[in-house]
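The values are calculated or read from the model by the stated rules, or taken from the named source; none is laboratory data. All figures in this text were calculated on a predicted structure; none of them were measured in a lab. Every residue, glycine among them, receives a Cβ derived from its backbone with ideal geometry; neighbour counts consider all protein chains shown. The accessibility values were calculated without ligands, DNA or RNA, using every heavy atom of the protein model including side chains. Shrake-Rupley method; radii C 1.70, N 1.55, O 1.52, S 1.80 Å.
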Amino acid sequence: MATSATECESGGEGNNGYTKNGSVDLRGNPVLRSKGGRWTACSFIVGYEVFERMAYYGIATNLVLYLTRKLHEGTVVSANNVTNWAGTVWMTPILGAYVADAHLGRYWTFVISSVIYFLGMSLLTLVVSLPSLRPPSCKSLHIDCSAPGVEAPQASTFQIGIFYFALYVLAIGTGGTKPNISTMGADQFDETDLSEGKQKLSFFNWWMFSIFLGTLFANTAIVYIQDNVGWTLGYALPTLGLLVSIAVFMAGTPFYRHKVPAGSPFTRMARVLVAAARKWDAKQPDDPKDLHELDTSYYAAKGLFRIKPTPSLRVLDKAAVKNGVDTPWMLCTVTQVEETKQMIRMVPILIATVIPSTMLAQVHTLFIKQGTTLDRSMGPNFEIPPASLVAFVTISMLICIVIYDRFIVAILRRYTGDPRGISLLQRMAVGLILHIIIMMVASLIERERLRVARKHGIFDNNNTIPLTIFILLPQFALMGIADSFLEVAKIEFFYDQAPDSMKSLGASYYTSSLGLGNFLSTFILSTVSDFTGRHGRKSWILNNLNASHLDYYYAFFAVLNLINLFFFLILAKFYVYKNEALQQS
């Protein structure tokens, strides 16, 4: 816990009943432990997350089908456009984290970003609603676009531009909400109190549970409305859901605990790196107490804690060596050095989680496209929308999180003594192993789909393969189980291991791994498609999935995940947790 990372006392209701982790109210005054915070405040944050994720995934889940059906984009183009947009959604939190940690704090950064988010959603709903802002459908022109040689009407430059402009306004808005909502939730627990520290251990499990509760509604009800009622209502409901989520969050304002902005984390880290480089030949003192540090009263006045020197990455300690020059870019405190160490130690783990994030990109692109070729009938008058299969990711994850948090952790705790049951990196490793299994299963299922298509002489996308869409269920359900291990542990790891004054930036590491994974998915899909289609050979990924080889593509991902697993295990073996590093000092 963070208490090990600070020089503060723990537990009890001392300090006149005030929190002792630097929490303040919205006006900057100290907070009584009995007033707000804890699960009282978190109930509003969790409630927000349910409605916000319903809104976000109400757009994201079926986006690839909107691009192919309404804007008439091809398989590779639409998949890449989705992953590029999703990558942006998950990378903009770096900016939102900076603004929160350095200037506005998490609350006000979140509020301002929510307004931008809502404007983007509203514009997107308007775009899909007005006929003048989208190309005419084949049906309205009385043409059969599936006939050989017949092309669907193309969207104009303006129509494409306004649609993507709305999407990217939305992405900018999420940049200020995604890194701050989870960290603000975790901030409601004072780890210097034993009871609140224990409650915090379950926070990320239930926060993730709320995410996928909202996602479940998006992947079922919203997707069905988009497929069977219309895109206008299908986009209007997520927009309304976002408005409700913002209202729920604002209702909890009187109960929230806040952290005071500590200045730009990027500037503080840059000063350490520059100072250490400029003093590369400086002799380090034998006693770490001789390194430059400020009095504890300085940190207490800012609601922060002083951090002891640790033995890892000792080269950076040179930034705190006193040499007679005390400018900020020549002399840093031990606390600044240790904060930089903590952020740098997480970077290799961040890199190792990028490959698994590309798997999540397949769920909302190629997995769904596979479903469009299969028998979706659920009765004489009902067909299951392909995108609704994503609901099984959600269902399996919800079930797995509850079982893990309520039962498995208690069992593992008896054998390991770890309050979490197993360490965060061990939990992530389980998820990585499951990703390998998922892609192997997906490859085998795709091979069976192609076999049935050839058996019945179906060589294009115009006819339905006589194979139930539920054959894809294993790859969706397994993805949810993998997420309950990897994604929950990942967000908790980056929050837990980040220094107290850089928690939003730590959370942005989590979103960055998703963003980089989506961009990497774009690169891999384009590269593999081009490479396998050279010299007159047939590409693995074509607009016609029945002429493609997604089974090869998924097998390639299985091998890539296996290599990445070995890389991760090496990193995990040598990784020193923040608490352990301080115990060694």
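Results for (1) at pLDDT 85 or above; (2) farther than 30 Å from residue 423 by Cβ; (3) buried (at least 19 other Cβ atoms within 10 Å of the Cβ), shown as yes or no for each residue.
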residue: 200; (1), (2), (3): no, no, yes
residue: 214; (1), (2), (3): yes, no, yes
residue: 218; (1), (2), (3): yes, yes, yes
residue: 246; (1), (2), (3): yes, yes, yes
residue: 271; (1), (2), (3): yes, yes, yes
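Among the residues of the stretch 315-343, just one is among the basic types (Lys, Arg) and over 13 Å from residue 281 (Cα atoms), namely 341. The set of residues in the stretch 21-37 being in a loop (DSSP other than H, G, I, E, B) and either among the hydrophobic types (A, V, I, L, M, F, W, C) or open to solvent by 70 Å² or more (accessible area, probe 1.4 Å) (or both) consists of 26, 27, 29, 31, 34, 35. Applying the set (1) open to solvent by less than 20 Å² (accessible area, probe 1.4 Å); (2) over 30 Å from residue 479 (Cβ atoms); (3) not in a loop (DSSP other than H, G, I, E, B) to residue 356 leaves exactly one unmet item: (2). What residue, among those in the stretch 425-467 that are part of a loop (DSSP other than H, G, I, E, B) and out of contact with any Asp or Glu (no Cβ under 6 Å at 6 or more places or on another chain), is most open to solvent (accessible area, probe 1.4 Å)? Checking each candidate, the answer is 459.
Filtered by the rule that a residue be among the charged types (D, E, K, R) and open to solvent by 20 Å² or more (accessible area, probe 1.4 Å), the stretch 508-556 gives 530, 534, 537, 538.
Given the structure, is residue 409 farther than 21 Å from residue 209 by Cβ, open to solvent by less than 70 Å² (accessible area, probe 1.4 Å) and either at pLDDT 95 or above or among the hydrophobic types (A, V, I, L, M, F, W, C) (or both)? No. Taking the conditions (1) open to solvent by 10 Å² or more (accessible area, probe 1.4 Å); (2) in a helix (DSSP H, G or I); (3) of a type outside the set (D, E, K, R); (4) at pLDDT below 90 in turn, residue 505 satisfies each one other than (1). Among the residues of the stretch 38-59, those that are surrounded by 23 or more Cβ atoms within 10 Å (Cβ to Cβ) and among the small types (Gly, Ala, Ser) comprise 55, 58. If you check 334, 363 for being assigned by the TED database to the domain that holds residue 492 and either within 30 Å of residue 82 (Cβ to Cβ) or among the aliphatic types (A, V, I, L, M) (or both), only one passes: 363.
Yes/no per residue for (1) in contact (Cβ under 8 Å) with a residue 40 or more places away in the chain; (2) open to solvent by 20 Å² or more (accessible area, probe 1.4 Å):
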residue: 211; (1), (2): yes, no
residue: 222; (1), (2): yes, no
residue: 229; (1), (2): no, yes
residue: 232; (1), (2): yes, yes
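Here the stretch 277-336 is the region considered, the condition is being under 36 Å from the mean Cα position of the chain (by Cα) and among the acidic types (Asp, Glu), and the residue that is surrounded by the most Cβ atoms within 10 Å (Cβ to Cβ) is 317. Residue count for the stretch 222-273, restricted to those that are over 19 Å from residue 134 (Cβ atoms), among the polar types (S, T, N, Q) and assigned to a helix (DSSP H, G or I): 3. For the stretch 72-114, a residue qualifies if it is more than 21 Å from the chain's Cα centre (by Cα), at pLDDT 85 or above and of a type in the set (A, V, I, L, M), and the qualifying residues are 77, 104.
Kindly indicate whether any position in the stretch 326-335 is free of Cβ contacts under 8 Å to residues at least 12 places away in the same chain, out of contact with any strand residue (DSSP E or B) (no Cβ under 6 Å at 6 or more places or on another chain), assigned to a loop (DSSP other than H, G, I, E, B) and closer than 30 Å to residue 466 by Cα. No, the stretch 326-335 contains no residue that is free of Cβ contacts under 8 Å to residues at least 12 places away in the same chain, out of contact with any strand residue (DSSP E or B) (no Cβ under 6 Å at 6 or more places or on another chain), assigned to a loop (DSSP other than H, G, I, E, B) and closer than 30 Å to residue 466 by Cα.
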